[in-house]
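The values are calculated or read from the model by the stated rules, or taken from the named source; none is laboratory data. Not measured: the values here are computed from a predicted model. All Cβ positions, even for glycine, are placed from backbone atoms using ideal geometry, and neighbour counts span all protein chains on display.
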Amino acid sequence: MYITVVGGGNSTAIFATQAKLAGHDVAILTRQPEKWSKTVGFENQDPTYLNGEKDFEATVDLVTSDPAECIPQSDMIMIAGVPIHFNYEVMRKLAPHIDREKKVFIGTICAYGGFNWIVADVLGKGNYVIFGTQQIPWTCGTLEYGKKGVVFGKKATLRIATEDGKDEHCLKDILGKILSLEGSCVDSDFLVSALWPNNPSVHPPILYGLFKDWDGKKVYQLGPEAPEYIYAEITPKSAELVGKLSEEQVAIVKALSEAQPKNPYLKEDFGYMASLLFAYGDTVKDTSSIYNAIRSTPAYAKHKNPYVQVEGGVIPNVDHKFFTTDLPYGLCTYKDIALMVGVPTPLIDDIIYWNQKLINKEYLVDGELKGKDCGECILPSKYGLTKETVHMGMRK
C-alpha cells in the first residue's frame, strides 16, 4: 500500500515510521520538506508498548510539499500532525489530485471536529473511504523537528471511526498492524467521535478554571495560580469543571440516542472518567476522582499549559490551539447538537462566551450560534443535518 502522511506535527514522524516498518511505501507531504529528513523515527517511553523497545527508525520513500508527487498514487492518505482547524485547507489542496473513481482511504489521526463532513463537503461524490482514529493513538511529542518524535503513552483501546461504523474495509486490521495495536482497535462512527470526550472536553474547562477572571493584563508566576503542566498539576476547580462539562455532554448524547435508538455507539458511557479509563486502562493510578485520575495518568504527565513569556512572568497564550481550535471545532459542535436535541448547556455556554472574547471572535449570541464568525465553526446544522440524520454524514 502507498501511504501519504500529511502533516508536520508531533504525530507525523511516528505514524510515518510505523507505516514504513509495517512494509508500506510511505511519503510525507509537508509544507517544509527542506526541514525534514527522509530518515525519521521516534522514541517510545511507554514500557507497555512495542515490547518496551525504545528506539525506532525508518527511511521513507519521499518527502515533498507537492501533492502531485504523492497523492495520485496513494492508496491511503493519513492526515497526522495537522491541527484540525486546517482540515478544510488541507483537503482543498489535496482534492485536485484525488481520483474520485479510485478507492482511496482518506483518514485522520483525530476523527473529531467533523472530519467526515469536511471531506465530503470538499470532495463530493466518489469511491473514497473516510476513516479516522477517534482519539490520537498515543500521547506524543517531538524530540527533533523533521526527524524524531516521542511516544509518552499508547491508548489501551483505540476506536476506529468509519462512516457507517461497521468498518466494511477492514481498517481496524490495517491500522492495528501499522500501530502495533492488533486486537486493541474497535469500531466507532464519526458522530460518536464528534461527541466523545476529547481535547475540547478537557482543555477549555481546565483553562476556564484557571483564567476565568483574567483581565488580559495580569502577569502570572508559574505556580498554583498558573500551573506549568495542564494535566499533572490540574487544580481542584478545573477538575470540577471537567466533570460538569462531562455531565452536559452525557445529557446531549442521551437525548441524541433517544432520537437515534438504533445507533449502538450512542449507548456507551460518554462520561469523562469512563473515557479516560477506556483510553488508558490500568495505567491510570488513582481512579477515586477526576482530579486524581487526571493527575495520575502517566501519559498525561508531560503536557504543558499554553503560556507566553512576558516581562515579569507568563500570560495565557490565546493564539494556542487550546483556545483557537477547541472552541469552533469542539464546544461549538457540541452546542449545535445540543440545540438540535433541546439540551441546556450552561457551562458550555459560559466557556464559549469567555473563550470567544479572548480570541476576538463571535460565535454564540444570546444562546444561539448566530455570531458573525460562525462560518469558521464545524456545525452539523450548516450542512443541513438534523438530530435524525447527523450520524449519516453527507454522502448518504
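Here is a list: Phe105, Phe115, Phe86. Which entry is in contact with a Gly (Cβ under 8 Å, 6 or more places away or on another chain) and not assigned by TED's automatic domain parsing to the domain that holds His303?
Answer to the check: Phe115.
Going by what's in this entry, would Lys147 be described as of a type outside the set (A, V, I, L, M, F, W, C), at pLDDT 95 or above and under 30 Å from Ser381 (Cα atoms)?
Judged against the criteria, Lys147 is not a match.
Identify, from the list Ala255, Ala251, Ala232, the residue that is at pLDDT 95 or above and closer than 27 Å to Lys285 by Cβ.
Ala232
Condition first: among the aliphatic types (A, V, I, L, M) and touching a strand residue (DSSP E or B) at 6+ places or on another chain (Cβ under 8 Å). Now tell me which residues in the range 63-90 satisfy that.
Hits for the range 63-90 are Val63, Ile71, Met76, Ile77, Met78, Ile79, Ala80, Val82, Ile84, Val90.
If I ask for residues that are out of contact with any His (no Cβ under 9 Å at 6 or more places or on another chain) and surrounded by 16 or more Cβ atoms within 10 Å (Cβ to Cβ), which ones from the range 215-234 would you list?
Tyr220, Ala226, Pro227, Glu233, Ile234
Looking at Val6, Val26 in this structure, which one is under 30 Å from Pro200 (Cα atoms), in the same structural domain as Lys148 (by TED's automatic domain parsing) and either touching a His at 6+ places or on another chain (Cβ under 7 Å) or modelled with pLDDT of 95 or more (or both)?
From the options Val6, Val26, the qualifying one is Val6.
Could you tell me which residue of the range 127-145 is nearest to Ala299 (Cα to Cα), considering only residues that are surrounded by fewer than 19 Cβ atoms within 10 Å (Cβ to Cβ) and either more than 20 Å from the chain's Cα centre (by Cα) or assigned by TED's automatic domain parsing to the domain that holds Pro298 (or both)?
This residue is Leu143.
Tyr265: within 20 Å of the chain's Cα centre (by Cα), surrounded by 15 or more Cβ atoms within 10 Å (Cβ to Cβ) and closer than 20 Å to Thr139 by Cα, yes or no?
For Tyr265, the condition - within 20 Å of the chain's Cα centre (by Cα), surrounded by 15 or more Cβ atoms within 10 Å (Cβ to Cβ) and closer than 20 Å to Thr139 by Cα - is not met.
Can you say whether Gly281 is touching a residue at least 60 places away in the same chain (Cβ under 8 Å), assigned by TED's automatic domain parsing to the domain that holds Glu388 and within 20 Å of Lys155 (Cβ to Cβ), as far as the supplied structure shows?
Yes, satisfied.
State whether one or more residues within the range 371-383 are among the charged types (D, E, K, R), buried (at least 22 other Cβ atoms within 10 Å of the Cβ) and in contact with a helix residue (DSSP H, G or I) (Cβ under 9 Å, 6 or more places away or on another chain).
No, the conditions are met nowhere in the range 371-383.
Out of Lys172, Lys177, Lys148, I need the residue that is among the basic types (Lys, Arg), out of contact with any strand residue (DSSP E or B) (no Cβ under 9 Å at 6 or more places or on another chain) and surrounded by fewer than 23 Cβ atoms within 10 Å (Cβ to Cβ). Which one?
Lys177
Considering only the range 298-314, how many residues are assigned to a loop (DSSP other than H, G, I, E, B), at pLDDT 95 or above and surrounded by 13 or more Cβ atoms within 10 Å (Cβ to Cβ)?
2
Being under 21 Å from the mean Cα position of the chain (by Cα) and of a type in the set (D, E, K, R), is that true of even one residue in the range 276-286?
no
Considering only the range 185-214, state which residues are crowded, with 18+ Cβ neighbours inside 10 Å and either polar (S, T, N, Q) or without any contact (Cβ under 8 Å) to a residue 12 or more places away in the chain (or both).
Listed by number, the residues that qualify are Ser188, Ser193, Asn198, Asn199, Ser201.
Among the residues of the range 348-362, write down those that are surrounded by fewer than 18 Cβ atoms within 10 Å (Cβ to Cβ) and either basic (Lys, Arg) or under 14 Å from Val250 (Cα atoms) (or both).
Lys357 - this is the single residue of the range 348-362 that is surrounded by fewer than 18 Cβ atoms within 10 Å (Cβ to Cβ) and either basic (Lys, Arg) or under 14 Å from Val250 (Cα atoms) (or both).
Can you name the residue in the range 151-169 that is of a type in the set (A, V, I, L, M, F, W, C) and surrounded by 23 or more Cβ atoms within 10 Å (Cβ to Cβ) and is also nearest to Ile130 (Cα to Cα) among such residues?
It comes out as Ala161.
Restrict the check to the range 360-370 and report whether at least one residue is in contact with a Ser or Thr (Cβ under 9 Å, 6 or more places away or on another chain) and assigned to a helix (DSSP H, G or I).
no
Taking the options Ser74, Ser65, name whichever one is over 25 Å from Val390 (Cβ atoms), surrounded by 24 or more Cβ atoms within 10 Å (Cβ to Cβ) and among the hydroxyl-bearing types (Ser, Thr, Tyr).
Only one candidate passes the filter, namely Ser74.
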